[in-house]
Structure formats: C-alpha cells, structure tokens
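Read the structure below first, then the notes.
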Amino acid sequence: MTYFNYGKKIKILDEDDYEAITGSGRPFARKLENGVSDKLRLRLDQYRRGDSSMEKEFRFYLSLSGEA
C-alpha cells in the first residue's frame, strides 16, 4: 500500500501527515521534499526503527528508489 494525498495539486507531505502514513501500516510515502518533509522523515525513521517487523519491507522500498 502506498499513501498519496491528491487534491488540486499533489501535496508535499510533512509532519502533519505522520499519523495517516503510519496508520496505514506501511512505512512508505511519496512526495517528500528536502526542507519541507525533514521532520516527517525523521519521525518515519524512528517509527521504522521501533518496529523491526517492517525493517525488511522498508529496506526493499529503499532499494527500489535507489536510496539503499
């Protein structure tokens, strides 16, 4: 599952979107931007570290994006 937030334009995700993303049960989101999404990235990384069962899946998504 992937979380997107579409309105009239694609929303750049920020810390306010944390609950919706983590509530989906998948640590994957799209449309993060440096400077805007920094706090969200930090919180998602902390979330990922706290739930080792999602570690393998998260690394898989990172490998697809070329960030691993």
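General observations
- Rounded if a/c under 1.5, otherwise prolate or oblate - region 9-51, Cα gyration tensor axes: oblate
- Using the Cβ-Cβ distance between Y18 and L64 with R0 set to 25 Å, the FRET efficiency works out to roughly 0.70.
- Site pair E33 and I10 shows an inter-label distance of 1.1 nm when each label is modelled 7 Å from Cα along Cα→Cβ.
The numbers here are math on the coordinates, done by the rules we state, and not lab data. Note that the structure is a prediction, hence the values are computed from the model and not measured. As a convention, Cβ positions derive from the backbone with ideal geometry for all residues, glycine included, and neighbour counts pool all protein chains shown.
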